[in-house]
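Heads up: the structure comes next, in structure tokens.
The values are calculated or read from the model by the stated rules, or taken from the named source; none is laboratory data. Please read these numbers as outputs of a predicted model, since none were measured by experiment. Please note: Cβ atoms are built from the backbone with ideal geometry, for glycine as well, and neighbour counts cover all protein chains shown. Areas reflect the complete protein model, heavy atoms only, side chains present, ligands, DNA and RNA absent. Shrake-Rupley method; radii C 1.70, N 1.55, O 1.52, S 1.80 Å.
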Amino acid sequence: MSHDFQSPLRQIPKIDRILADPKMSALIDRFGVSQVTDAVRQTVSDLRAQVLAGTVPPHANGQVADAVRESVRERLEAAGRRTLRPAINATGVVLHTGLGRAVLSAAAVEAVAETARGHSLLEVDPESGERGSRLSHIAGLLRDLTGAEDALVVNNNAAAVFLAIGALAAGREVVIARGQLVEIGGAFRIPDVIRSAGAKLVEVGTTNRVRIADYADAITDQTALLLRVHPSNFRIVGFTEEPGLDELCALGRQLGIPVVDDLGSGALLDLTRYGLTAEPTVHASVAAGAEVITFSGDKLLGGPQAGLVIGAREMIARLKRHPLMRVLRVDKLTLAALEATLRHYRDEASARREIPTLAALTAPAEEIRGRAERLAALLESLPMDIELEPGVSQVGGGSLPGEELPTTLVRVKPRKVSVTELARRLRVGEPSIWGRVQRNSLLLDPRTVREEELTELAHSLRQAVCAGATTAEERE
Ligand SMILES: *Cc1c(COP(=O)(O)O)cnc(C)c1O
């Protein structure tokens with residue numbers, strides 16, 4: 001029985017012999033003998049496994065050594081590359097969590113680089129020379145931008161919600177509408193968050209309807225807070241009812257119970273002005289009187305991953321005193337990016353222009369069409385069919401669910417390689433490129449591709465459709 005695969009196995013050279021081959025010396029000079037030895041060992045072991053599984057055709061004598069050396073080189077080069085590499089997002093999903101959500105503005109990138117490169121005024125007051133607070137860099141800006149009394153920032157919005165419940169409601173009850181017991185993704189489920197923060201969940205209303213009287217009936221001397229959670233990634237339509245945040249806050253004030261509003265994305269600008277449906281704004285929550293308002297730094301705000309908490313002075317003070325505050329502390333690079341991002345919002349036109357997320361969401365149709373045409377022109381001479389067609393982009397990242405943003409798609413049908421193989425080559429390339437595979441074409445949405453990425457995108461497509469067309473068939 002072993003007879004069948006013994007001989008192909010014997011064709012695989014011994015590790016020592018491979019390493020001693022003079023043709024390996026260039027690789028050894030470049031990567032060092034121990035890395036090369038490891039790579040040879042792994043390559044040989046993979047090859048043995050493939051031979052035993054019958055997934056590689058037998059090589060002609062002499063070809064095995066070349067094939068092993070080539071795959072050792074590929075392995076070493078791949079190991080030398082960072083895995084967290086840049087990507088071009090041609091999916092049309094503006095806040096693509098897998099691709100890192102918001103892209104920072106040039107000013108935010110510069111602030112991060114400067115802060116990373118040297119020392120900074122992170123926790124000192126230059127005037128007095130005394131120790132200061134790292135939150136000072138964003139608290140004043142957030143107060144000015146939102147009208148809230150005070151602000152803090154933690155690792156992400158999930159952390160912000162957890163901190164608010166832990167600090168304000170541990171050991172007591174949190175009242176929330178049943179229709180708001182949402183799962184955000186990544187196993188962040190509101191009922192679990194409430195429980196693990198040490199509070200007791202009290203649900204009111206039904207999935208589709210809740211009235212202010214339901215809240216009033218559920219309040220006892222054990223109630224610590226009323227929680228409102230924005231259902232950011234789905235919509236309930238039809239026979240629905242929910243009290244306004246102002247009504248909920250009025251009830252809370254009347255009974256001395258704070259309202260915590262988890263906005264999710266939290267828009268600092270009113271996006272309806274640019275034709276997007278209403279995402280609740282931070283200003284509206286402040287105006288309604290919510291004591292604590294939480295939202296993400298890297299959703300519609302367009303900044304770094306962070307959880308922003310704004311609200312009444314004494315509530316923010318209670319959150320700051322909680323031990324979790326230290327656990328959830330943000331680092332200086334986040335603060336640098338966040339401060340720079342928030343500064344753009346002092347002028348709406350500047351925010352729209354400078355913050356890539358807002359620029360992508362509010363891009364006029366002709367601008368996107370122009371970019372699609374420029375991309376198509378760059379691809380003209382390649383062995384593939386290119387067509388422009390109307391389509392839709394998505395906001396993504398748990399913001400504006402169901403919102404469909406009209407766009408112009410570039411439909412690519414390669415002639416010499418399959419679409420799945422083309423898409424794979426683009427993903428593993430540098431930069432990594434992500435589009436949408438739809439039946440036998442690749443759809444590229446220029447809404448999320450920046451102007452300066454177009455030439456790189458075209459260059460990568462050229463390489464992907466032209467390089468080694470035969471390996472495509474072998475792989476399929
Ligand atoms: C996205 C979201 C969160 C989690 O925010 P992260 O910043 O991703 O941690 C929490 N609540 C709501 C309503 C959200 O939409």
Subject >> Conditions (1) of a type in the set (A, V, I, L, M); (2) in contact with a Ser or Thr (Cβ under 9 Å, 6 or more places away or on another chain); (3) open to solvent by less than 10 Å² (accessible area, probe 1.4 Å): number failed by ALA336 >> reply: (3)
Original post:
open to solvent by less than 20 Å² (accessible area, probe 1.4 Å) and not in a helix (DSSP H, G or I), is that true of ALA148?
Top reply: yes
Original post:
Restricting attention to the range 223-238, does a residue exist that is at positive phi and open to solvent by less than 50 Å² (accessible area, probe 1.4 Å)?
Top reply: no
Original post:
Are there any pairs with C-beta distances below 8 angstrom linking a residue in the range 340-351 that is without any contact (Cβ under 8 Å) to a residue 40 or more places away in the chain to a residue that is surrounded by 14 or more Cβ atoms within 10 Å (Cβ to Cβ), with the two at least 6 apart or on different chains, and if so which?
Top reply: SER350/HIS344
Original post:
In this structure, is GLU247 open to solvent by 10 Å² or more (accessible area, probe 1.4 Å) and more than 25 Å from the chain's Cα centre (by Cα)?
Top reply: yes
Subject >> Residues satisfying the stated conditions in the range 293-315, i.e. over 16 Å from ALA151 (Cβ atoms) and within 12 Å of the ligand (Cβ to nearest atom) >> reply: ASP298, LYS299, LEU300, GLN305
**OP:** State whether the residues of the range 210-220 include one that is out of contact with any helix residue (DSSP H, G or I) (no Cβ under 8 Å at 6 or more places or on another chain), open to solvent by less than 70 Å² (accessible area, probe 1.4 Å), of a type outside the set (D, E, K, R) and part of a loop (DSSP other than H, G, I, E, B).
**Re:** yes
Original post:
Of the residues PRO280, PRO258, which single one is open to solvent by 10 Å² or more (accessible area, probe 1.4 Å), touching a residue at least 24 places away in the same chain (Cβ under 8 Å) and either among the hydroxyl-bearing types (Ser, Thr, Tyr) or within 14 Å of the ligand (Cβ to nearest atom) (or both)?
Top reply: PRO280
Original post:
Looking at VAL395, VAL330, which is the one that is modelled with pLDDT of 95 or more and either in a strand (DSSP E or B) or within 18 Å of the chain's Cα centre (by Cα) (or both)?
Top reply: VAL330
